[in-house]
Amino acid sequence: MQTIIITGATQGLGYYAAQTLARQHYAVVLAGRNQVKNENAASTIRRATNNQHVYAMMLDLASLASVRQFVNAFASRTDLPPLLGLVNNAGLQIIGPTEYTADGFEMTFGVNHLGHFLLTTLLLPHFARQGRIVVVSSGTHYPDDPFARALGVLPPAYTTAGELAYPEPTTRKLAVTGTIRYATSKLLNLLFAYELIRRLPALGRADLTVNAYDPGLMPGSGLARQQSGLLKWVWTNVLPVLRLLPGVGSVQTSGPLLAGLISDPAFADVRGKYFYFHRPGDRREKPSSPDSYDLAKAQDLWTTSKQLVAEVSVMKKA
Ligand SMILES: NC(=O)c1ccc[n+]([C@@H]2O[C@H](COP(=O)([O-])OP(=O)(O)OC[C@H]3O[C@@H](n4cnc5c(N)ncnc54)[C@H](OP(=O)(O)O)[C@@H]3O)[C@@H](O)[C@H]2O)c1
């Protein structure tokens, strides 16, 4: 048996990926910020799959201290089989006023990118050989994604990682700013994934694979939870009708496909790819946006992220 850690598996895409992996007889760690919701999800999956090796562990990606505590708690467990996979799935979109993490970073940057950056880099020594990392991105990272535009999500805007962590006040509408930050965070996921691959040999883990996944538009998921009443209603009740269109999926179909990137032997030696399948049996990959391969942006993101997590660690000790 081997262990898979998946962030944000209380509901949505992560929940269905975790359920699939539990069915495939992995030990699955649901890493989540709400212990009650997380434990409920774990026990539902245990019952549904008859796999008792499904565990809920506390991880709040909006707190770097929580990320460190999670990794320490994980490393000290002696009941878990070797770590095969990490799925960086948790994500949020802020529609109202700017929110900040416990460490003072803009929330979308902090949760969707920085918390996962620290989690992944701290976990590297704990992987078994040939481990796999999958990062969940989104079509919204393209500057011209038709679904994103139709839903009012604006294109990503990478300035500098420092500015994204501590954004200047803006006069734009809050919802508009929120969607730009979300799309930008999904670009950061890709910049991080590709930079991680380049750095793995120097980090002593050239054996690991890293790939990115775009689950397609999944109307009905919790991602629109901060939207206004009408938009949320449309997201939950109207948009699911579009599932027959290419590019539109569901958490129930994309979750198992995400799980396959960790468990399917076909992906064992595949690295640096951007997959976008959301129909059973699909194996499609394509280039992500030109910006996602920008080396200068990737290096800025990596070095700034490293500094930010180190500064917080020093401040906590002081
Ligand atoms: N929905 C779409 O159309 C779509 C399209 C493309 C990509 N994606 C990506 O798919 C991924 C999953 O999204 P989803 O649609 O399944 O959304 P969802 O239903 O809202 O699920 C998000 C998950 O992330 C968790 N989470 C949020 N903040 C967290 C934090 N600070 N620490 C730990 N966990 C946290 C949530 O936990 P709680 O239960 O505690 O809130 C929940 O389990 C995201 O990365 C998203 O960007 C979604």
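The values are calculated or read from the model by the stated rules, or taken from the named source; none is laboratory data. Values in this document were obtained by computation on a predicted structure and should not be read as measured data. We place every Cβ from the backbone using ideal geometry, glycine too, and count neighbours over all the protein chains shown.
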Checklist entry - Quick check, is GLY85 within 13 Å of the ligand (Cβ to nearest atom), within 14 Å of the chain's Cα centre (by Cα) and within 22 Å of ALA193 (Cα to Cα)? => result no
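Can you name every residue in the stretch 287-318 that is of a type in the set (D, E, K, R) and modelled with pLDDT of 95 or more?
ASP291, ASP294, LYS297, ASP300, LYS306
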Item to check | Unique residue being within 15 Å of the ligand (Cβ to nearest atom), at pLDDT below 95 and either closer than 26 Å to GLY220 by Cα or under 20 Å from the mean Cα position of the chain (by Cα) (or both) when the list is ILE6, ILE45, ILE95 | outcome: ILE95
Checklist outcome for this item: So, first residue farther than 25 Å from ILE4 by Cβ in the stretch 126-150, second residue basic (Lys, Arg) and buried (at least 19 other Cβ atoms within 10 Å of the Cβ), Cβ within less than 6 Å, six or more apart or across chains; the pairs are THR140/LYS186
Checklist entry - What do you reckon, is GLY220 within 16 Å of the ligand (Cβ to nearest atom), in contact (Cβ under 8 Å) with a residue 12 or more places away in the chain, loosely packed, with under 12 Cβ neighbours inside 10 Å and assigned to a loop (DSSP other than H, G, I, E, B)? => result no
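Only helices (runs of 4 or more DSSP H) wholly contained in the stretch 130-214 count here; list those with 3 or more residues that are crowded, with 22+ Cβ neighbours inside 10 Å and away from the ligand (no atom under 12 Å from the Cβ). Show your work before the answer.
On the way: elements: 146-150, 161-165, 174-199.
By residue number, 174-199.
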Checklist entry - Does the stretch 228-236 contain at least one residue that is more than 9 Å from the ligand (Cβ to nearest atom), over 24 Å from LYS273 (Cβ atoms) and of a type in the set (Ser, Thr, Tyr)? => result yes
Checklist outcome for this item: Counted residues in the stretch 223-241 being surrounded by fewer than 19 Cβ atoms within 10 Å (Cβ to Cβ) and not in a helix (DSSP H, G or I) come to 3
Item to check | Breaking point among (1) part of a helix (DSSP H, G or I); (2) over 18 Å from the mean Cα position of the chain (by Cα); (3) without any contact (Cβ under 8 Å) to a residue 60 or more places away in the chain, for ASP79 | outcome: (1)
Checklist outcome for this item: When every residue in the stretch 9-37 that is under 24 Å from ARG68 (Cα atoms) and surrounded by fewer than 21 Cβ atoms within 10 Å (Cβ to Cβ) is compared, the one farthest from the chain's Cα centre (by Cα) is VAL36
Item to check | Members of the stretch 261-287 found to be in contact with a Phe, Trp or Tyr (Cβ under 7 Å, 6 or more places away or on another chain) and without any contact (Cβ under 8 Å) to a residue 12 or more places away in the chain, listed by number | outcome: ARG284
Checklist entry - Mind checking which pairs have a first residue in the stretch 30-59 that is farther than 20 Å from LEU92 by Cα and without any contact (Cβ under 8 Å) to a residue 60 or more places away in the chain and a second that is among the hydroxyl-bearing types (Ser, Thr, Tyr) and in a strand (DSSP E or B), Cβ under 7 Å, 6 or more apart or different chains? => result ALA42/TYR55
